[in-house]
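Chemist: Starting off with a structure, shown below.
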Amino acid sequence: MSNWIEVGKIEDIPALGARVVKNGNVDIAVFRNNKDEVFAVNDECPHRKGQLSQGIVHDKSVTCPLHNWKIDLTTGEAMGPDEGCTGHYAVKVENGNIFLELK
Amino acid sequence: MKEKLVVIGNGMAGMRAVEELLEIAPDKYDITVFGAEPYGNYNRILLSPVLAGEKTIDEIMLNDLPWYEDNHITLHKGVTVTGIDRNACTVTADDGTQVKYDRLLMATGSEPFIIPVPGSDLPGVISFRDIHDVDLMIDAARSKKHAVVIGGGLLGLEAANGLMKQGMSVTVVHLMDWLMERQMDPISGEMLKQSLEAKGMNFMLKSSTKEIVGDGKVQGVRFEDGSELAADIVVMAVGIRPNIELAKQVGLHCERGIVVNDTLQTFDPKIYAVGECVQHRGVAYGLVAPLFEMAKVCANHLAGYGIGIYKGSVTSTKLKVTGIDLFSAGDFIGDETTEDIVVHDSHQGIYKKIVIKENKIQGAVLYGDTIDGAWYFQLMREQTNISDIREKLMFGQAHLGDSGHGGNVVAQMSDDTEICGCNGVCKGDIVKAITDKGLFTLDDVRAHTKASSSCGSCTGLVEQIMESTLGGDYATPESKPMCACTDHTHDYVRAAIRDQKLVTISDVFTTLKWKTDDGCAACRTALNYYLISSWPKEAKDDSQSRFINERAHANIQKDGTYSVIPRMWGGMTTPVELRAIADVAEKFNLDTVHVTGGQRIGLYGVKKHELPLVWKDLNEKGLVSGHAYGKALRTVKTCVGREWCRFGTQDSTGIGIKLEKLSWGSWMPHKFKMAASGCPRNCAEATIKDFGVVCVDSGYELHIGGNGGVKVRATDLLTRVDTEDEVLEYAAAFCQLYREEARYLERTAPWIERVGFTYVKENVVDDDAKRKQLADRFEYSQKVTGSQDDPWEQRATGGIDSHEFVPLKVIG
Ligand code: SRM
Ligand SMILES: Cc1cc2nc3c(=O)[nH]c(=O)nc-3n(C[C@H](O)[C@H](O)[C@H](O)COP(=O)(O)OP(=O)(O)OC[C@H]3O[C@@H](n4cnc5c(N)ncnc54)[C@H](O)[C@@H]3O)c2cc1C
Ligand code: SF4
Ligand code: FES
């Protein structure tokens, strides 16, 4: 059963920036890139749990603030030589409102 | 259909064998692994640095759980195999799992030996073998004071060192006359003891434990001679025993270990064994290098290639206690048939002994200077005839031939010199990987060759190889592009920004044809700096192109909290400020209040959403951002100077405060530190700062380009001036030259070494007009960027960036 939850407006997130949605105990990092695409992944780097929401965003990826791993925001997978994955969420934007699919 | 391989033991040897197997025959087996410990595979060797607080458990993981999944390995973690049915070819585990095998690999490691004295089963008696033991010790160190370590061998000393680092007072009890008697002779053993005593460790040698006393928990240790020592915990590190219970129980031939032949096969042809549980040609090993060699051979046979043969290993040892260098290998005691060459400089703490028989090295002990350990070890293993180089042997490899230039020892090593003992990686392998695969960083080399990825003690050598292979590129990437997003260098990009008046990052991207849409974390941060330093008024600071610390104006910590370090002008503070800091620490439950290395106070563990509240309270008492998070002016250290000190010549504190007021808030290519000392005794350490002032009777000496940190560099004396106003003008001019010309992330020390001290002097000292213009531009930049409007206040009460500190939404 899918469960779309509205979490805010696209302009609440700076372009090439991120905000956090707190879902119970889980922090979800929601990103907006320069093309106004929105992505959501668990706010926990697969390397050592760095908060990805605090990283630098480029294209469809983010660089973790702790040790510079690059994470693909569409899949939550680490890129390049590093390996690991953090969970990602389906996102849709309707009339400027962001919805996340939470299970 | 694939054959089934079952591995018992998820440790270093077993998983190395699996890795080797996957490399050569990835599709041959369905692999199932049982591991009694509830983790993936970790680097047991590095438990010592974990205990010493130098590494975390996460950092020592070798293969984490996703690795097993990715390689389609079924891992039963936290599950112990309790039975093997050799007829039916199945194994059974304590959780009831039963698995069939075609081949079985036993890699059960060994168990710590616990001396069976009365009381050895009391709570508080701990061994040193796995993560659980380390957790117990770290936990004990939080609340308890006295630790006794029984066993003065490698493991015991590493345990003792770790416990000491965790704040316990530690006594090492050892049965023998000197420490590490299996790796050291009496003299080096004594030197080791003295160094460790100087670090605060206590010793009781020649002491035999009779009983561990305590009522329900450990309270002390009683010795054979009747004496007693109080203890809250007792760590037993007296040795290990191959873990062969299971093998014995199912009738596999065992002696001290599980007996294997040269292909690592046990007496049951379907069952192989590797690691510490094994006895090969009469020897059981306790170091990883031989186990990794076994793993390689074993994998070759499991893969069905059948060409490897394991002939046994010669091992060498190092102790992983930071600051203590020792190396030993082979027979270093000798007998009537051998000769020794010994160098002993007790003043410098150096001892080297090489044991020679018939012109061949039999063994060596090195203490204090171990740089040639790898070389001696190679001469020993290859049984090289050393008669030609005998006189020069003790001076090391660097003194062979006519070269004489010590510096880089590895440059003279032959390609087959082993660099990484743990993984058996030779110099040639590393050089080849660097050149063939275009590696630039230590991490790359680790990933591709495994060198320096186990115990880490060869890291220095690996770095030297990188340096000699990559030449200048390793030290300073001269004409390398900024990053993969562009082919242009830092200098080219910066010149374009200045000459073509580019004021936004997207201008730069279009004009210079960037290869990526948004750049990356490396180029965007640099570009943002180049823009705001070149066009302070016109360029707009882009907070999304700043590293989180500068974006949030606090340092991110590894757990996602932040640190807050307010400015203390020239290292001065007041009761009001101290009270404000104390109040904030209490109000927000900040457990760690640290006096920093920069003469101020750091508060640790602030939650991000509370940062503005913390800042508000601090602001109210006049405290502002210390920029401890920024590529910016950090601290200005001072001494009390003429005000109080009997040697003080000028008001060093006052000039320090003025320097800080002048320059705080200014963004720099890298961090920038200053200091002012009241006399040449230099208590404020001005000669290792980016800009230092040393007061003298006749005025002020100005020093530039000092660096503590990774590579210490003492300053160059720029000039001497008469008045405080001149100090400030020179400081501003120097800052500005650095701001305008150094590359992003280049500190003043490497910058000056690159452009030359004379160049800086010509601009800042020799040419009065230039100096004035530089100082004016500095002042202008400080003014128009509003850099001295406290960024904390802007966020605490000024409404700036408020989105940064609150979640977008809270659900549930
Ligand atoms: C807080 C402090 C340690 C302390 O508690 O005493 C500290 C903490 C850090 N230092 Fe430092 N350094 C601190 C004084 C120093 C000093 C001593 C000094 O300033 O007199 C040095 C050597 C002097 C020098 O810089 O020349 C020092 C040399 C370094 C270096 C090596 C720099 C180099 O050029 O080699 C780094 C690494 C870097 O910057 O890349 C570093 C990096 C760091 C970082 C930023 C690491 C990081 O990226 O997280 C640490 C931030 C911790 C935090 O979140 O607050 N820290 N660091 C000190 C802050 C002083 C202050 O009040 O602002
Ligand atoms: C603190 C410390 C520091 C060290 N420092 C160094 C060093 O600097 N250099 C060096 O070369 N070596 C060092 N060593 C030794 C090195 O760690 C070992 O030689 C190596 O880990 C042995 O590998 P192994 O696979 O044989 O055994 P282990 O790594 O011990 O793996 C065996 C695994 O099998 C599991 N197991 C056992 N029986 C069963 C069963 N029936 N069912 C399921 N699982 C089972 C165990 O729980 C264990 O996890 C150090 C060891 C320690 C403890
Ligand atoms: S530097 Fe000079 S003035 Fe300052 S405390 Fe030391 S002796 Fe005194
Ligand atoms: S935690 Fe993300 S890179 Fe290390």
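Nothing in this text is a laboratory measurement; each read-out follows from the coordinates by a stated rule. Since the model is a prediction, treat every value here as computed from it, not as a measurement. Don't worry about glycine lacking a Cβ; one is built from the backbone with ideal geometry, like all the others, and counts go over all protein chains shown.
Chemist: Distance from the Cα centre of the stretch B:423-444 to that of the stretch A:82-97, in angstrom?
Modeler: 38 Å
Chemist: Please arrange B:355, B:365 by how many other C-beta atoms lie within 10 Å of their C-beta, fewest to most.
Modeler: On the way: B:355 23, B:365 28.
With the sparsest Cβ surroundings first, the list reads B:355, B:365.
Chemist: Using θ = phi - 60° and the Karplus form 6.51 cos²θ - 1.76 cosθ + 1.60, what ³J(HN,Hα) does each residue of the stretch B:761-777 get, whole Hz, x for Gly and Pro?
Modeler: Result, ordered by residue: 4, 4, 7, 9, 10, 5, 10, 4, 5, 4, 4, 4, 5, 4, 4, 5, 5 Hz.
Chemist: What does the charge dipole of the stretch B:9-124 about its Cα centre add up to, to the nearest 20 debye, if the Cβ of each Lys and Arg holds +1 and the Cβ of each Asp and Glu holds -1? Each step should come with its number before you reach the end.
Modeler: Values: 8 positive and 18 negative charges, 68 e Å.
Dipole about the Cα centre, nearest 20: 320 debye.
Chemist: Once label points are set 7 Å from the Cα along Cα→Cβ at both residue B:350 and residue B:784, what is their separation, rounded to one decimal in nm?
Modeler: Between residue B:350 and residue B:784, the label points sit 5.8 nm apart.
Chemist: Sticking with this structure for a sec: Pulled fully out, how much extra length does the chain show between residue B:483 and residue B:559, if you take 0.36 nm times their separation in residues and subtract their Cα-Cα distance?
Modeler: 24.5 nm
Chemist: Right, something else. How high is the FRET efficiency from residue B:211 to residue A:101, r the C-beta distance, R0 51 Å, rounded to 0.05?
Modeler: Numbers: r = 64 Å, r/R0 = 1.26.
Computed FRET efficiency for residue B:211 and residue A:101 comes out at 0.20.
Chemist: Run the numbers for residue B:596 and residue B:283: contour at 0.36 nm per residue of separation, minus the present Cα-Cα distance, in nm. Before the final figure, lay out each step's value.
Modeler: Values: separation 313, 0.36 × 313 = 112.68 nm, distance 5.17 nm.
Gain in length upon complete extension: 107.5 nm.
Chemist: Starting from the Cα of residue B:613, step 7 Å along the direction of its Cβ; do the same at residue B:88; then give the gap between the two resulting points in nm.
Modeler: For residue B:613 paired with residue B:88, the spin-label model returns 6.2 nm.
Chemist: Looking at B:81, B:51, B:9, which one has the Cα that reaches farthest to the positive end of the dipole of the stretch B:3-92 (charges on Cβ: Lys, Arg +1; Asp, Glu -1)?
Modeler: Positive-most Cα among the choices belongs to B:81.
Chemist: Continuing with the same structure: I'd like the antiparallel share, as a percent to the nearest 5, of DSSP beta bridges with both residues in the protein assembly as shown. Working shown, then result.
Modeler: Numbers: 100 of 147 bridges.
Just about 70 percent of them are antiparallel.
Chemist: Of B:318/B:450; B:248/B:296; A:35/B:607, which pairs sit farther than 23 Å apart, going by alpha carbon to alpha carbon?
Modeler: Numbers: B:318/B:450 18 Å; B:248/B:296 25 Å; A:35/B:607 31 Å.
Over 23 Å Cα-Cα: B:248/B:296; A:35/B:607.
Chemist: Nearest 20 debye, what's the magnitude of the dipole of the protein assembly as shown about its Cα centre given +1 on Lys and Arg Cβ and -1 on Asp and Glu Cβ? Intermediate results must be reported in sequence, preceding the final value.
Modeler: On the way: 100 positive and 127 negative charges, 207 e Å.
So the dipole magnitude of the protein assembly as shown works out to roughly 1000 debye.
Chemist: Whose amide H sits under 5 Å from the amide H of residue B:10, counting only residues 5 or more places off or on another chain, with H placed in the peptide plane?
Modeler: B:36, B:37
Chemist: Right, another one. On a C-alpha basis, how far is the centre of the stretch B:705-768 from the centre of the stretch B:302-354 in Å? Whole number, if you could?
Modeler: Distance between centres, Cα-based: 48 Å.
Chemist: Rounded to the nearest 0.05, what FRET efficiency is calculated for residue B:770 and residue B:540 with R0 set to 30 Å and r the Cβ-Cβ distance? Display every interim value, and only then the final one.
Modeler: On the way: r = 29 Å, r/R0 = 0.97.
Efficiency, rounded to the nearest 0.05: 0.55.
Chemist: I'd like the Karplus ³J(HN,Hα) series for the stretch B:44-61: coefficients 6.51, -1.76, 1.60, θ = phi - 60°, whole numbers in Hz, and an x wherever there's a Gly or Pro.
Modeler: Using θ = phi - 60°, the values come out as 4, 3, 8, 4, 4, x, 5, 4, 7, x, 8, 9, 10, 4, 4, 6, 9, 5 Hz.
Chemist: In which sequence would B:792, B:67, B:375 go, from the one with the fewest C-beta neighbours within 10 Å to the one with the most? Write out the running numbers ahead of the final one.
Modeler: Values: B:792 25, B:67 18, B:375 22.
Result, fewest neighbours first: B:67, B:375, B:792.
Chemist: Provide B:574, B:525, B:80 in ascending order of the number of other Cβ atoms located within 10 Å of each residue's Cβ, fewest first.
Modeler: Details: B:574 11, B:525 21, B:80 16.
In order of increasing Cβ crowding within 10 Å: B:574, B:80, B:525.
Chemist: Follow-up question, since we're still on this one. What is the extension gain from residue B:414 to residue B:253, computed as 0.36 nm multiplied by their sequence separation minus the C-alpha to C-alpha distance, in nm to one decimal? Walk me through the intermediate numbers first.
Modeler: Details: separation 161, 0.36 × 161 = 57.96 nm, distance 4.25 nm.
Full-extension gain reported as 53.7 nm.
Chemist: Taking the Cβ-Cβ separation of residue B:339 and residue B:646 as r and a Förster radius of 56 Å, what is the calculated FRET efficiency to the nearest 0.05?
Modeler: Working: r = 60 Å, r/R0 = 1.06.
The calculated FRET efficiency here is 0.40.
Chemist: While we're here: Can you give me the long-range amide H partners of residue A:59? Hydrogens built in the peptide plane at 1.01 Å from N, cutoff under 5 Å, separation of 5 or more residues or another chain.
Modeler: Answer set, sorted by chain and number: A:34, B:518.
Chemist: Kindly write out, for the stretch B:706-712 in residue order, the coupling ³J(HN,Hα) from the Karplus curve 6.51 cos²θ - 1.76 cosθ + 1.60 (θ = phi - 60°), rounded to whole Hz, with x marking Gly and Pro.
Modeler: In residue order, the calculated couplings are x, 8, x, x, 4, 10, 6 Hz.
Chemist: Out of residues 5 or more away from residue B:258 or on other chains, whose amide H comes under 5 Å of its own, with H placed 1.01 Å from N in the peptide plane?
Modeler: Correct list: B:278, B:279.
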